[in-house]
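Q: Handing you a structure now.
No lab work stands behind these numbers, since they all come straight from the coordinates. These numbers were taken from a predicted model, which means no experiment stands behind them. Cβ placement follows ideal geometry from the backbone for every residue including glycine, while neighbour counts extend to all protein chains displayed.
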Amino acid sequence: MNTGTGAMPAVVGHELHWLAPQVTALRQAAAQGRLPHALLIQDAPGGGGRELALYAAQTRLCSRAPAPCGQCVDCRRVAALAHPDLWLLVPEEDSKQLKIDQVRALNEALSLTGHGAAGSVAILEPAEALNANAANALLKTLEEPRPGVLIVLLTAAAGRLPATVRSRCQRLNVQPPGREACAAWLRRSRGEADWEAVLEVLGNAPLLALQQDPAIKNSVAKTKHPPFSLEPNSWTQRAFYVKAIEDAVAKGGKRGKAAA
Ligand SMILES: [Zn+2]
């Protein structure tokens, strides 16, 4: 992920302008020292929720003001999914659930003092994969968070989370732009192509459409995915998608034409 100037989340150097209301809310909360300890981000896949989750993590962990600056070592480490105080919880391989053992391990990690002064962040995705026991275990941390902890629940189905969990989170709903605005953003980011046809199939999911670019797809296909684990520095294929996108852009420079 390219973090841009810190003003807005960005991918391949192009700002996700439709996240402006959520970004403004986060920046204002940070400036007033009122960043919540738990966020629930409701997103449709490919709409920018993941980027918003990382932006929230930067807002918490950034070492400059106004946060996030997008430039400091903490912001850059978050963008690279390589920050020692950023925890990424996803279902283990061969499982569709977030399990109680994973959440217990996370609780323990979050109860310890972080490496930096700013705090610790955990992103859980997809949050609706928390099974009942795991959700109960998470409640413990949601009810009595250590100062500086931010838990981000990223979900496409907030209604499937227990009400006890939902009620302890501040909600941010991501609204992807309309069809025309999605296509315009893709044109600006990746060049001319029949993006309308891609969006017709995928829905208004600009970041999913971006991954249809053959240059990005090929680059991802060659990347070996490591096993998932509750460790900083690993996060599903997502990290590798981002890396592949950035590599493809770095190698190819600005591509004139992106086939759908
Ligand atoms: Zn920063």
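Q: Please state, to two decimals, what the Cα-based radius of gyration of segment 26-100 comes to when divided by 2.2 N^0.38 Å (N = residues).
A: The value comes to 1.21.
Q: Just the projected area, averaged over all directions, of the convex hull on the alpha carbon atoms of segment 10-173: how many nm²?
A: Details: hull surface 36.1 nm².
Convex hull of Cα atoms, orientation-averaged projection: 9.0 nm².
Q: Quickly work out the residue 201-to-residue 96 label distance, labels modelled 7 Å from Cα along the C-beta direction, and quote it in nm with one decimal.
A: So the label points at residue 96 and residue 201 sit 2.4 nm apart.
Q: With an 8 Å cut-off on Cα pairs and a minimum separation of 6 or more residues, tell me the relative contact order of segment 10-173 in percent. Could you put the intermediate results ahead of the total?
A: Values: 265 pairs, mean separation 50.0, N = 164.
Relative contact order of segment 10-173: 30 percent.
Q: Just grab the label-to-label distance for residue 82 and residue 175, each label 7 Å out from Cα along the Cβ direction, in nm (one decimal).
A: According to this spin-label approximation, the distance is 3.8 nm.
Q: Calculate the dipole size of segment 6-109 relative to its Cα centre from +1 charges on Lys and Arg beta carbons and -1 charges on Asp and Glu beta carbons; express the result in debye to the nearest 20.
A: On the way: 10 positive and 10 negative charges, 80 e Å.
That gives a dipole near 380 debye.
Q: Let me check against my output: what whole-number percent is the relative contact order of segment 50-145, with C-alpha pairs under 8 Å and at least 6 apart? Don't skip to the answer; put the middle values down first.
A: On the way: 116 pairs, mean separation 27.2, N = 96.
Reported relative contact order: 28 percent.
Q: Starting from the alpha-carbon convex hull of segment 68-160, give the projected area averaged over all orientations, in nm².
A: Numbers: hull surface 26.1 nm².
Here the figure is 6.5 nm², rounded to one decimal.
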